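Colleague: What follows is a single structure, and I will ask about it in a moment.
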Amino acid sequence: QVQLVESGGGLVQPGGSLRLSCAASGFSLGYLAIGWFRQAPGKEREGVSCISSRDGTTSYVDSVKGRFTTSRDNAKNTVYLQMNSLKPEDTAVYYCAVLRTKYYCSTLVADEYEYWGQGTQVIVSS
């Protein structure tokens, strides 16, 4: 059974922080590049970040650079997205997914990823 489960979303005020988790089962997450995506109502799914499997290097969309950090704990088979200085524009359902046939984060295009989780809702509002 190949499955990803996102958790950690919730309601937070602007400037606050959340840490999202992406837990994998049925495969070893440590051998794969894992991306985070988000989708706001009425908008296309947007690539947020990626962490590679080989050396743990990361990439981010410009709008979250300096605020978001993705990391992994291979022993727990889990990838994280630490979100700081949250803005209302960050409100969305957040998903994690596996980059198909790649070890390094070469793209944040959603069509290149597979094994999507169910998503976790993040609402940034005062």
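Colleague: Which ³J(HN,Hα) values in Hz, rounded to whole numbers, follow from the phi angles of the stretch 66-77 under the Karplus curve 6.51 cos²θ - 1.76 cosθ + 1.60, where θ = phi - 60° and Gly and Pro get x?
Modeller: 3J(HN,Hα) across the stretch 66-77, in whole Hz: x, 10, 10, 9, 9, 8, 9, 10, 5, 4, 9, 6.
Colleague: Assign unit charges at the C-beta atoms only (+1 for Lys and Arg, -1 for Asp and Glu), then state the dipole size of the stretch 1-108 relative to its Cα centre in Debye, rounded to the nearest 20.
Modeller: About 120 debye.
Colleague: Tell me the trypsin sites (Lys or Arg not before Pro) within the stretch 35-64 that lie in a loop according to DSSP and have at most 15 other beta-carbon atoms within 10 Å.
Modeller: Loop-located and lightly packed - 43, 54.
Colleague: Residue 58 to residue 11: FRET efficiency via 1/(1 + (r/R0)^6), r the Cβ-Cβ distance, R0 22 Å, to the nearest 0.05?
Modeller: 0.25
Colleague: Here's something else I'd like to know. Could you give me the ³J(HN,Hα) list for the stretch 31-47, computed from phi with Karplus coefficients 6.51, -1.76, 1.60 and θ = phi - 60°, whole Hz, x at Gly and Pro?
Modeller: 8, 10, 7, 10, x, 10, 10, 9, 9, 8, x, x, 10, 6, 5, 10, x
Colleague: To continue, here is another question. Once R0 is set to 25 Å, what does the formula 1/(1 + (r/R0)^6) return for the Cβ-Cβ distance between residue 25 and residue 100, expressed as a FRET efficiency to the nearest 0.05?
Modeller: About 0.85, to the nearest 0.05.
Colleague: What nm value, rounded to one decimal, do you get for the distance between residue 116 and residue 76 when each label is placed 7 Å out toward the C-beta?
Modeller: It works out to 2.6 nm between the two label points.
Colleague: Which percent of the accessible heavy-atom area of the chain goes to carbon and sulfur, probe 1.4 angstrom? List each step's numbers first, then the result.
Modeller: On the way: 3020 of 6440 Å².
Ligands and nucleic acids excluded, carbon and sulfur give 47 percent.
Colleague: Given contacts defined as C-alpha pairs under 8 Å and at least six residues apart, what's the relative contact order of the chain, whole-number percent?
Modeller: 37
Colleague: Sticking with this structure for a sec: Restricting to DSSP loop positions (anything but H, G, I, E, B) with no more than 15 other Cβ atoms inside 10 Å of their own Cβ, which chymotrypsin sites (Phe, Trp or Tyr not before Pro) remain in the stretch 1-91?
Modeller: Those satisfying the criteria are 27.
The values are calculated or read from the model by the stated rules, or taken from the named source; none is laboratory data. Nothing here was measured: the structure is a model prediction, and the numbers come from that model. Backbone-built Cβ (ideal geometry, glycine too); neighbour counts: all protein chains shown. To get the accessible areas, we keep the full protein, side chains included, count just its heavy atoms, and leave off ligands, DNA and RNA. Shrake-Rupley method; radii C 1.70, N 1.55, O 1.52, S 1.80 Å.
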